Amino acid sequence: MVASDRSAIILRARGSLELRCLLDGTDGSHVQKAVSRAFERVRARVTSQALVFRVRDSPMFIWPNKGCQVTEGIAETTACKDLQQRLRSGEPDGGKRSSKKKDKRNGDTSVINIDLLMELTEPGREAGPTLTRREVRHHLAQMALPVDCVVTAGMDDGIGDAFSRLVGALCSQLTDMESAVLRHISGTSLLVPQPFHFHLPEPTGLVTLVYPTGVPDAQLESFRKEMHVRFALPEDRPYLRRANAYHFPGEPFKDGYLRNPHLALSHPALEDAKPFLVQGVYSYHHYMQDRMDDSGWGCAYRSLQTICSWFQQQGYTERVVPSHKEIQQALVDVGDKPSSFVGSRQWIGSIEVQAVLDQLLGITSRILFVSQGSELVNQGRELASHFQREGTPIMIGGGVLAHTILGVLWSETTGDIRFLILDPHYTGGEDLQLVTDKGWCGWKGMDFWDQRAYYNLCLPQRPRAI
Amino acid sequence: MGRGYIVEALVEQYLVNLQTVHASCISGILIGQCSSQRDYVVLAAQTPQKDCGAVRGCSLGDLDADWVTEHGRQVSRMLPGGLSVLGVFLITSPDLSKEAQNTLRKLVYAMEKLISMGRLWNLTEEDVSERVGLHICSKTKKAVCRTFDVRDPKSSARPADWKYQSGVSDSWPVLKCSVDLDLYFPLSETSSENLENSVKIGLQKWAKQMESSVCLINGKHSDSDAEFMCIGFWWLLSLRCLCRPPQMSSALGEQRSSAAAEACGGSLTLAGVLQCRAYLHSHKLKARQAAEAIKRDIMNTLSSRTEMFFEDLLINEGDGKMASQQPLPQRVFAPLPGTSLSLCDYMFPDEGAAEVGERFKEMLDFDIPEEQIDMTQERVALLLCTSGLGFATHSPCVESLNILPTSRFPPGIPVSSHSAKICRTISKLPVQL
């Protein structure tokens, strides 16, 4: 996570810039020229004196192209860390609610959010208004470009310097957008270019790529291949799919589910043991969510949803997490259940989870069978190896319960083992504090399992693809 | 408890002078500024005479309501931000006093309706919706003041206080700014001749953007209910308007995946700088209301000018065809005698200070010497380019700047010719000599 680097701060500027293309002709070169000209105009606006940065949750406005004129309180040479300090302390400005919001946030304001505005009272022209008429028939293509760019600045860097770099980043993003639009043009139809940020392994850090809206990840594979080479990324796992986009700290998730609640836990003390954990991001699915009362029968469905959320958020599938009905329908479609199954409250097990993962997501899974719960103590190596190689959450069903295993703490020497469990039987709200305090996501020992029941584990395999 | 009207002493003088005219019935409008608790009246202007030689109206039945309200509409174009037409006055002989109340009611509602028709913005819940109807009896000199709620035509008139005071607008701060315009209006393939309609649609979009824009007064965002005066010395006001770029998303809040495309038969671009101004009263004004006043002036000045431009095009060109490049009328300012306020007017390219002075006399019934008319606020572009220069960008292809003391075009460049009629919309209004 970026937060580990305490000496850096991210400035993120977002806004919407109008692009207006006047296409006098519809043949390729005409369109290309018109699009390039239109982008040129947008770049001119961004480098003009009318550009204004507004620092979110603050009364600060900055004119980066005017020698960094600012509203009172800060100057060009103010250090980034001082700016951050002012935001954290919440300046009094007419009693805005922002100061209360800061307490709720995870305290990590290593991102300074900026909105783009254009000044209307900065006259580029000096004469009174004139109407000009063009009688040429043409096509008009308009869109709002969703610019979103970041620069990383050192804590002691002056904000003047950081902001002018941000303007530079805006210009190069516009150029990237121009390429994306021209690459995917068809006739006079222009696709809206959308920026995505990816946090790549150090030393690369944050990288921004522009993808055309509406073109699925699958069709962008060759572009991703180029980027994988450029950034020296492994060729067997996705880093640059839309779902891999970096989630900035402090931004809420639109769907409201908790992400990776296990990160709020500390490992239990176990001699000579190493943790082997799920890699990447998953959402916590449990009883009663989505206004679905599945209390008493839906635990395996919820574990399956957690696993599906992992594959979606790592970019292996664009399919959204399936509902109970969709899961049941998938089982009917593969012939595993009769059609009356859909809408029922019947339990499913690991075999069904494996079947649904295959049917809906194209994911293969291994089934591990343990004849009695006490035997799980011997599965340390197997499970550790799974988390190292695949890194996917495991669904375990046995007795009358289903759970999700997110990792193990295992000692190769003593054979001691602890299990990191995500419990789908939780019926409360998305409260991280409650979930971790009460052990709905927590480390369990061997006593957690029914020693005499048999267990089936479904171990989903990660596809080797980008 | 009714509203209170604080009226400039000069207005009292004007009304007294009117009462000495031998006529049974004189109508006119009242101009000033609203505030939450009371309104300020700074100017009264009688309705201009219809045709020279006609006898001044003898009875209320002779009163041409359309004429009175049209006068109100024309005058409202001459008011900078903060000022508006507050209502109507009638001076009648005693026997008409009762009927006068009904007439006042009709006039007030009709005027409000007409004035708000061309506007790009609407009154909000917070705006004052009461307009005044003042009746003065020519014999007893007694003034009866009532207000009508324009949001509720069925409501009954409420009595209001009418008090004279001198120096009403003396301490009113003024907000000034120049607003850059760069607008593009696509003309549809099928009706590329209907320029005015395309412009109207485009202006409505622009007005939405204007309304949601951020106003910084003295560097502070003025969207709060904080009192205006607290944010700094009012005479050091600097104003900046920042525009939030459009989102262009669908109703579901999801982004479009491709550009919105349409086939056009042509286009209009409007580029240049507007000079805008708003006067603010000094009694418990909120920062938000100050921003609103200047924003409304920005919207009004553009909508008034384009309206006038197309009206003029219709009268003079007949078929409404415009040349490839024409300037909108230029905004000029003139001080209101006895106050610190300025009113404005719009001057076409072939007009000069003389015409403006005549209009002020006719519309607002006061004399203004030509040299006091300030025509330097807006510059006029000396247009050199002609059409047909190939692909044009969104700004006029050639623009050279010149400060012209009058905006007379050099000979040879076609301009819309103005006939002897000064008032551009009502051909009925005669030229005052």
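The values are calculated or read from the model by the stated rules, or taken from the named source; none is laboratory data. Keep in mind it's a predicted model, so treat the numbers as computed, not measured. Reconstructed Cβ throughout: ideal geometry from the backbone, glycine too, with neighbour counts over all protein chains shown.
One table, with the values for the structure above:
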item: Residue in segment A:126-134 that is in a strand (DSSP E or B) and of a type in the set (S, T, N, Q) present; result: yes
item: All positions within segment B:295-311 that are within 13 Å of chain A (Cβ to nearest Cβ) and of a type in the set (Lys, Arg); result: B:295, B:305
item: Number of the exception - residue B:142 against (1) under 23 Å from residue B:43 (Cβ atoms); (2) modelled with pLDDT of 90 or more; (3) not aliphatic (A, V, I, L, M); result: (2)
item: Leading residue by the ranking (modelled with the lowest pLDDT) among those in segment B:154-181 that are away from chain A (no Cβ under 14 Å) and touching a helix residue (DSSP H, G or I) at 6+ places or on another chain (Cβ under 6 Å); result: B:173
item: Filtered residue count, segment B:129-177, keeping only those that are touching a residue at least 60 places away in the same chain (Cβ under 8 Å), of a type in the set (D, E, K, R) and in a loop (DSSP other than H, G, I, E, B); result: 2
item: Of all residues making up segment A:145-183, the number that are in a helix (DSSP H, G or I), in contact (Cβ under 8 Å) with a residue 60 or more places away in the chain and either of a type in the set (S, T, N, Q) or not assigned by TED's automatic domain parsing to the domain that holds residue A:53 (or both); result: 2
item: Qualifying residue in segment A:214-224 (condition: in a loop (DSSP other than H, G, I, E, B), surrounded by 18 or more Cβ atoms within 10 Å (Cβ to Cβ) and either on the phi < 0 side of the Ramachandran plot or not assigned by TED's automatic domain parsing to the domain that holds residue A:36 (or both)); result: no
item: Failed condition for residue B:369, given (1) more than 21 Å from residue B:70 (Cα to Cα); (2) under 13 Å from the mean Cα position of the chain (by Cα); result: (2)
item: Residue among A:427, A:404 that is assigned by TED's automatic domain parsing to the domain that holds residue A:310, among the β-branched types (Val, Ile, Thr) and crowded, with 17+ Cβ neighbours inside 10 Å; result: A:404
item: Any hit, segment A:443-466, residues being touching a Leu at 6+ places or on another chain (Cβ under 8 Å), outside the structural domain of residue A:363 (by TED's automatic domain parsing), in a loop (DSSP other than H, G, I, E, B) and of a type outside the set (Ser, Thr, Tyr); result: yes
item: Output for segment A:332-355, where each listed residue is assigned to a helix (DSSP H, G or I), surrounded by fewer than 20 Cβ atoms within 10 Å (Cβ to Cβ) and within 32 Å of the chain's Cα centre (by Cα); result: A:333, A:351
item: From B:195, B:203, B:187, residue being more than 9 Å from chain A (Cβ to nearest Cβ) and in contact (Cβ under 8 Å) with a residue 60 or more places away in the chain; result: B:203
item: From the options B:353, B:392, B:381, residue that is surrounded by fewer than 22 Cβ atoms within 10 Å (Cβ to Cβ) and either within 14 Å of another protein chain (Cβ to nearest Cβ) or at pLDDT below 85 (or both); result: B:392
item: Boolean, residue B:205 is of a type in the set (D, E, K, R), over 25 Å from residue B:35 (Cα atoms) and either in the same structural domain as residue B:276 (by TED's automatic domain parsing) or touching a helix residue (DSSP H, G or I) at 6+ places or on another chain (Cβ under 7 Å) (or both); result: yes
item: Residues of segment B:312-344 classified as more than 14 Å from chain A (Cβ to nearest Cβ) and in contact with a Lys or Arg (Cβ under 7 Å, 6 or more places away or on another chain), total; result: 1
item: Unmet criterion (only one of (1) among the aliphatic types (A, V, I, L, M); (2) closer than 23 Å to residue A:272 by Cα; (3) surrounded by fewer than 20 Cβ atoms within 10 Å (Cβ to Cβ)) for residue A:420; result: (3)
item: Hey, residue B:120 over 19 Å from residue B:161 (Cα atoms) and either touching a Leu at 6+ places or on another chain (Cβ under 9 Å) or not assigned by TED's automatic domain parsing to the domain that holds residue B:149 (or both) or not; result: yes
item: Within segment B:107-161, tally of residues that are out of contact with any Asp or Glu (no Cβ under 9 Å at 6 or more places or on another chain), surrounded by fewer than 17 Cβ atoms within 10 Å (Cβ to Cβ) and closer than 17 Å to residue B:70 by Cα; result: 4
item: Residue pairs meeting the criteria (Cβ under 6 Å; at least 6 apart or on separate chains; first buried (at least 22 other Cβ atoms within 10 Å of the Cβ), in segment A:294-310; second small (Gly, Ala, Ser)); result: A:299/A:402; A:300/A:397; A:300/A:402; A:303/A:402
item: Selection count, segment A:242-264, where residues are crowded, with 16+ Cβ neighbours inside 10 Å, more than 11 Å from the chain's Cα centre (by Cα) and without any contact (Cβ under 8 Å) to a residue 60 or more places away in the chain; result: 1
item: Answer from A:194, A:142 - the residue that is within 14 Å of another protein chain (Cβ to nearest Cβ), closer than 30 Å to residue B:308 by Cβ and in contact (Cβ under 8 Å) with a residue 24 or more places away in the chain; result: A:142
item: Conditions (1) in a loop (DSSP other than H, G, I, E, B); (2) in the same structural domain as residue A:441 (by TED's automatic domain parsing); (3) not small (Gly, Ala, Ser): number failed by residue A:251; result: (2)
item: Hey, residue A:267 part of a loop (DSSP other than H, G, I, E, B), out of contact with any Cys (no Cβ under 6 Å at 6 or more places or on another chain) and buried (at least 22 other Cβ atoms within 10 Å of the Cβ) or not; result: no
item: Strands (runs of 3 or more DSSP E) contained in segment B:325-366 and holding at least 2 residues out of contact with any Gly (no Cβ under 8 Å at 6 or more places or on another chain) and among the small types (Gly, Ala, Ser); result: none
item: Meets criteria (farther than 15 Å from residue A:199 by Cβ, in contact (Cβ under 8 Å) with a residue 12 or more places away in the chain, of a type in the set (Ser, Thr, Tyr) and in contact with a Pro (Cβ under 9 Å, 6 or more places away or on another chain)) for residue A:239; result: no
item: Single condition residue A:147 does not satisfy, out of (1) under 17 Å from residue A:20 (Cβ atoms); (2) at the interface with chain B (Cβ under 7 Å from one of its Cβ atoms); result: (2)
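A quick yes/no check of all residues on (1) of a type in the set (Gly, Ala, Ser); (2) outside any strand (DSSP E or B); (3) modelled with pLDDT of 95 or more:
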site: A:358; (1), (2), (3): no, yes, yes
site: A:375; (1), (2), (3): no, yes, no
site: A:387; (1), (2), (3): no, yes, yes
site: A:391; (1), (2), (3): yes, yes, yes
site: A:395; (1), (2), (3): no, no, yes
site: A:405; (1), (2), (3): no, no, yes
